[in-house]
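A short worksheet on the structure shown next.
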Amino acid sequence: MLLAYASILILLVIATLFAGGSLIAAKLVRPRVNDTLKRTAYECGMETVGETTVQTNIRFYTYALLFVIFDVEALYIFPWAVVVRSMGAVALVEMGIFLGILVSGLAYAWKMGALQWE
Amino acid sequence: MTEETIQPKLSEPVFNHSNGRLLMPETRYWPTQMWKSPWSLPTYRRGAAVLAGLITGIAGAAWFLGEAGPRVAPLYSAAEQFALSKGVPAFIISVLWTFIKGAILLAAPLVNALFAVWWERKISAHIQSRMGPMYVGWWHGALQTVADGLKLLLKEDIIPETADKFVHMMAPVVVVIPAILAFAPVPFGNELVYADIDIGTLYVFAVGGVSVVGIIMAGWSSGNKFSLLGGLRSAAQLVSYELPRTFAVVPVIMLAGTLNISAIAGLQAGYWGGIIPRWLIFYPVVGQIAFIVFLIASVAETNRIPFDIPEAESELVAGFNTEYSGMKFALFFLSEFAYVLLSCLLMASFFFGGGAAPLPFLDFLPSWAWFLGKVLILMFCFLWFRWTFPRFRVDRLMDFNWKFLLPVSLLNIAAAGLLIWFLS
């Protein structure tokens, strides 16, 4: 079984070789013509106004927070799902309580307008 | 000027029986008229015959070749004996063999990208009554994608002045490496799996999630406001849709009792009453809802229409892809199609019984042929959606996920619990 994980490590080496190799191969064969105008940002032909490091909507942050909560929940729910058939009704009730708490959290976030995109 | 020249009288369309086209002299012909009775068209019948011939030919070849395992095992043992007789240590042999298997696995997303891009262009063309690529290659532009790939390889790499050069270069690498790594525990047939690990399902979702980091890197480092907005939208969308996608699989794991993907596929062999396959999609209500949620979330995860707001060409000029050209762009494209293939393979394993035949008397075909057929049908759906649905607005997109898909997938877990309680 550990050998299977070692083969994933070998696949990581292969994937890295592929990604690096294709970029290096492209670097060897492609032409290179310097032009300052070519190297401006592509914004539909207009000259760029201001900086790129602008402030972005706070919504992205709240979604990221909600995602972290539910993704950790997914990590807990996976091992539970494997054993639920052998454990029976007790496991179902326990996960019902756990999910209930998180769903009430989602309902609270919904009510407070965290899921509202403006 | 006479009245006739201002309003020319349209002549009647002439049906050409030799090639099945409606031709209006000196004006265009209308495809809707042409397609009213498609079976009367010789081209339509010829196309159907070619399709039937292709399917029969591939099925015949699969029947002739049989299962992959018994074919490869004698080759491997012969090579092993030869290497051992030359005094190569057994450890080196297994590492080399794993490298060969890994190279074959790497070919899967590459060949898939070559095929799927051509197929998508063909599907889009035929949906829009065009021909699509026709000239490169011998048959219906079959080598068009190879030519495109060569063009991308030879294309100049333009990095904008304002870009963060190192992050800009690393972003496609960070996107494409997880896309290849995620294929490790995915079966392509019975016992045709690269790394048969016990936590396969968790591994695929965990590794696939790393690509989001690459997309944010691409968006942030390009030094372009479109790219930044596209990268952020993409991150928000990908992490959001990852939740229903993960929760949609939980009922599957509950019913199968294992996280090993090939084991989940193997458990679905057999038939109820000798006719209905024991696929998870045929479990009442739970299976169908899980499949539909997983399908929708997978389309969103691969940034495809109708969920392509991060790279919407018409408003964000391709989003995080904007400042990428040449091979770097090719890597982004490759990983997108690799994720499409991965989603189709996962759906085939989770919901459609993997290598199991849909009817008992069809099991003379090897399991990899059924995998291939199921994956091609599911991939056709992916490509078909793109040319059928309009794009979601960004707020509707998030609402749909958080206020509909996520509660539905959580309710589905509860329904699966009830089903298990009922079954036991």
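Restricting to segment B:68-111, count the residues that are assigned to a helix (DSSP H, G or I), more than 14 Å from chain A (Cβ to nearest Cβ) and not acidic (Asp, Glu). First the steps, then the outcome.
We begin by selecting, within segment B:68-111, every residue assigned to a helix (DSSP H, G or I); these are B:68-85, B:90-111.
Retained after the next criterion (residues that are more than 14 Å from chain A (Cβ to nearest Cβ)): B:68-85.
Filter once more, so that each one left must be not acidic (Asp, Glu): B:68-79, B:81-85.
The total comes to 17.
Is it fair to say A:LEU23 is touching a residue at least 40 places away in the same chain (Cβ under 8 Å), at the interface with chain B (Cβ under 9 Å from one of its Cβ atoms), outside any loop (DSSP other than H, G, I, E, B) and buried (at least 17 other Cβ atoms within 10 Å of the Cβ)?
In short, no.
Out of segment B:351-372, which residues are assigned to a helix (DSSP H, G or I) and within 21 Å of B:ALA290 (Cβ to Cβ)?
In the first step, residues of segment B:351-372 are kept if they are assigned to a helix (DSSP H, G or I); the result is B:360-362, B:367-372.
Within segment B:351-372, B:TRP370, B:PHE371 qualify.
Are any of the residues in segment B:331-347 charged (D, E, K, R), in a helix (DSSP H, G or I), more than 18 Å from B:ARG245 (Cα to Cα) and away from every other protein chain (no Cβ under 14 Å)?
Taking every residue of segment B:331-347 in turn, none turns out to be charged (D, E, K, R), in a helix (DSSP H, G or I), more than 18 Å from B:ARG245 (Cα to Cα) and away from every other protein chain (no Cβ under 14 Å).
So which residues in segment B:122-140 are in contact with a Lys or Arg (Cβ under 8 Å, 6 or more places away or on another chain) and without any contact (Cβ under 8 Å) to a residue 60 or more places away in the chain, if there are any at all?
Going through segment B:122-140, the residues in contact with a Lys or Arg (Cβ under 8 Å, 6 or more places away or on another chain) turn out to be B:124, B:132-133, B:140.
Within segment B:122-140, B:GLY132, B:PRO133, B:HIS140 meet the criteria.
Which ones in segment A:100-118 are in contact with a Ser or Thr (Cβ under 9 Å, 6 or more places away or on another chain) and outside any helix (DSSP H, G or I)?
A:ALA114, A:LEU115
Scan segment B:140-183 for residues that are under 30 Å from B:ALA195 (Cα atoms) and assigned to a loop (DSSP other than H, G, I, E, B) and jot them down.
Those that are under 30 Å from B:ALA195 (Cα atoms) and assigned to a loop (DSSP other than H, G, I, E, B): B:ALA182, B:PHE183.
Tell me, please, whether a residue that is over 30 Å from B:TYR203 (Cα atoms), more than 7 Å from chain B (Cβ to nearest Cβ), over 21 Å from the mean Cα position of the chain (by Cα) and in a helix (DSSP H, G or I) can be found in segment A:3-14.
no
Considering only segment A:41-64, I want to know if a residue exists there that is free of Cβ contacts under 8 Å to residues at least 24 places away in the same chain, assigned to a helix (DSSP H, G or I) and more than 9 Å from chain B (Cβ to nearest Cβ).
Yes, the conditions are met somewhere in segment A:41-64.
Suppose we keep only residues that are among the small types (Gly, Ala, Ser) and over 17 Å from B:ASP198 (Cα atoms) within segment A:76-100. Which one would you say is surrounded by the fewest Cβ atoms within 10 Å (Cβ to Cβ)?
The residue in question is A:SER86.
Matching residues to (1) closer than 25 Å to B:GLU120 by Cβ; (2) more than 9 Å from every other protein chain (Cβ to nearest Cβ):
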| residue | (1), (2) |
| --- | --- |
| B:GLN144 | yes, yes |
| B:MET169 | no, no |
| B:ASN190 | no, yes |
| B:SER221 | no, yes |
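Which one is surrounded by the fewest Cβ atoms within 10 Å (Cβ to Cβ) among residues in segment B:257-291 that are of a type in the set (A, V, I, L, M, F, W, C) and more than 28 Å from B:ALA184 (Cβ to Cβ)?
For segment B:257-291, the residue satisfying everything is B:ILE275.
With respect to B:ILE377, is the statement that it is within 14 Å of chain A (Cβ to nearest Cβ) and out of contact with any strand residue (DSSP E or B) (no Cβ under 6 Å at 6 or more places or on another chain) true?
no
Residues in segment B:71-80: is at least one under 21 Å from B:TRP370 (Cα atoms) and either at pLDDT 90 or above or in contact with an Asp or Glu (Cβ under 6 Å, 6 or more places away or on another chain) (or both)?
No, segment B:71-80 contains no residue that is under 21 Å from B:TRP370 (Cα atoms) and either at pLDDT 90 or above or in contact with an Asp or Glu (Cβ under 6 Å, 6 or more places away or on another chain) (or both).
Looking at (1) more than 9 Å from chain A (Cβ to nearest Cβ); (2) under 23 Å from B:TRP97 (Cα atoms), find the lone condition where B:GLY230 falls short.
Status for B:GLY230: all satisfied but (2).
Of everything in segment B:217-231 that's touching a residue at least 40 places away in the same chain (Cβ under 8 Å) and over 17 Å from B:ASP308 (Cβ atoms), which residue is surrounded by the most Cβ atoms within 10 Å (Cβ to Cβ)?
The residue in question is B:SER222.
The values are calculated or read from the model by the stated rules, or taken from the named source; none is laboratory data. Everything numeric here is computed off the predicted structure, so don't read it as measured data. A quick note on method: Cβ atoms are made from the backbone with ideal geometry, for glycine too, and the neighbour counts reach across all protein chains shown.
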